[in-house]
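S.K.: Could you have a look at this structure, given as structure tokens, before my questions?
Derivation of every value follows stated rules applied to the coordinates shown; laboratory data play no part. Note that the structure is predicted; figures quoted are calculated from it, not measured. For neighbour counting, all protein chains shown are included, and Cβ atoms are generated from backbone atoms with ideal geometry for every residue, glycine included.
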Amino acid sequence: MLPTPTGWFPDPWNSAGVRYWDGRAWTGYVAAPVPAPIPHPTLPIRAAWGAVITILVSVTASRYLLESISGFEWPIAVYVTILTIVGYGPALLWCWYASRRWGTGRFRADVGFSARWVDAGWGPITWGACLVAEIAVGLLLVVTKIPFTSNVRNVSDFHVDRGYVVSLLVLAVVAAPICEEIVFRGVVMRGLLSRNGAVVAVGVQGVLFGLAHFDPVRGTGNIGLILVLSSVGCVLGGAAFLVRRLAPTMIAHAILNAIAMAIALTGWFSTR
């Protein structure tokens with residue numbers, strides 16, 4: 001413990017601070033040590049890259065699987081279950097393994113999967129920040145004439161296939177926000193933080209989030225889409241880093257996907 005300046009002594013009313021004695025009485029001048037910031041929880045870098053590889057492979061496989069089974073008249077619950085398991089199951093299993101292998105073994109704590117009532121407000125605020133990022137990057141795409149193709153552009157073409165559409169809605173608005181936030185903001189970002197500063201970790205996981213939405217069918221349109229979604233990923237990563245939990249980003253992610261799906265299902269894209 002460092003010596004205190006002349007006249008400063010342990011505060012009789014606050015054991016954690018000091019108070020100035022003017023030689024006759026205690027004064028109102030007090031001081032207390034500034035608590036050291038609590039470091040952000042991290043995971044080894046191998047946890048991050050394992051999560052990236054598994055989700056890229058599984059999401060790509062789920063896209064092809066969806067196209068191959070969409071013609072069957074199966075119950076909606078079957079579509080949702082199959083696609084959720086194939087699309088996100090392997091990545092979530094890896095995240096669980098990373099928690100058991102390198103974390104505390106408490107999955108929700110290791111990935112920040114927690115919520116508070118205040119997140120009902122932080123979620124929409126985070127969504128608003130994502131919207132600003134989308135608009136800013138969208139204007140850049142227009143100015144630079146970078147090709148852009150929405151990842152929900154052709155959804156309205158399947159309006160006659162109820163199972164396909166409803167399964168996409170459930171996946172986009174429920175499964176994707178939960179699973180992708182656990183993977184990218186819960187494991188990938190925390191793994192990157194073990195080797196990098198906050199700015200680099202947030203930026204890299206945001207770009208990886210954008211790249212995870214690559215689809216060969218969209219061709220050069222992937223360039224603009226990846227840039228837009230990378231900006232969204234950076235905003236979500238920044239929010240998760242600041243509040244250190246995933247509920248606000250899950251809410252914001254769900255709002256983004258719900259609006260995108262609503263626009264697509266109205267056929268707005270098909271008229272553009």
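S.K.: Using amide H atoms built 1.01 Å from N in the peptide plane, name the residues 5+ places from residue 11, or on other chains, whose amide H lies under 5 Å from its own.
M.R.: Counting only residues 5 or more places away or on other chains, the set is 17, 18, 19.
S.K.: Okay, next question. Suppose R0 equals 22 Å. What FRET efficiency, 1/(1 + (r/R0)^6) with r the Cβ-Cβ distance, do residue 132 and residue 56 give to the nearest 0.05?
M.R.: Details: r = 28 Å, r/R0 = 1.26.
The pair residue 132/residue 56 has a calculated efficiency of 0.20.
S.K.: Please give the length that would be gained between residue 262 and residue 72 if that part of the chain were fully extended, namely 0.36 nm times their separation in residues minus their C-alpha to C-alpha distance (nm, one decimal).
M.R.: Numbers: separation 190, 0.36 × 190 = 68.40 nm, distance 2.41 nm.
Taking 0.36 nm per residue and subtracting the Cα distance, the gain is 66.0 nm.
S.K.: Pop a pseudo-label 7 angstrom from the Cα along the beta-carbon direction at both residue 15 and residue 93 and give the gap in nm to one decimal.
M.R.: Those two pseudo-labels are separated by 5.2 nm.
S.K.: Given only helices, namely DSSP H runs of n ≥ 4 each adding -39500 (n - 2.57), what is the per-residue ellipticity at 222 nm of the chain, to the nearest 500 deg cm²/dmol? Write down the numbers at each step before the final one.
M.R.: Numbers: 10 runs with 158 residues, N = 272.
Helices in the chain give a 222 nm mean residue ellipticity of -19000 deg cm²/dmol.
S.K.: Also, quick follow-up: If you take Cα extents along the principal axes in Å from the coordinates, which of (1) 55, 46, 35; (2) 88, 44, 32; (3) 127, 47, 24 do you get?
M.R.: (2)
S.K.: Let me ask something additional. State the extension gain, in nm to one decimal, for the chain segment bounded by residue 214 and residue 27, taking 0.36 nm per residue of separation less the distance between their alpha-carbons. Working shown, then result.
M.R.: Details: separation 187, 0.36 × 187 = 67.32 nm, distance 6.52 nm.
This chain segment gains 60.8 nm when fully extended.
S.K.: Follow-up. Take the alpha-carbon centre of region 91-132, take the same for region 43-78, and report the distance between them in whole Å.
M.R.: Between the Cα centre of region 91-132 and that of region 43-78, the gap is 20 Å.
S.K.: Under the classification rounded if a/c is under 1.5, otherwise prolate if a/b is larger than b/c and oblate if not, where does region 197-272 fall, given a ≥ b ≥ c as square roots of the Cα gyration tensor eigenvalues?
M.R.: It comes out oblate by the Cα gyration axes.
S.K.: On to the next question. Only four residue types carry charge here, +1 at the Cβ of Lys and Arg and -1 at the Cβ of Asp and Glu. Report the dipole size of the chain about the Cα centre in Debye, rounded to the nearest 20. Could the numbers behind the result be given before it?
M.R.: Details: 19 positive and 12 negative charges, 113 e Å.
Its charge dipole is roughly 540 debye.
S.K.: What helices does the chain have that are whole DSSP H segments, at least 18 Å long along their own axis by Cα, and with mean Kyte-Doolittle hydropathy of 0.5 or more? Spell out each step's value before the answer.
M.R.: On the way: long enough: 45-69 (36 Å, 1.21); 76-102 (37 Å, 0.93); 119-144 (37 Å, 1.43); 198-211 (20 Å, 2.16); 221-243 (34 Å, 2.03); 247-265 (27 Å, 1.74).
Going by DSSP H runs, the hits are 45-69, 76-102, 119-144, 198-211, 221-243, 247-265.
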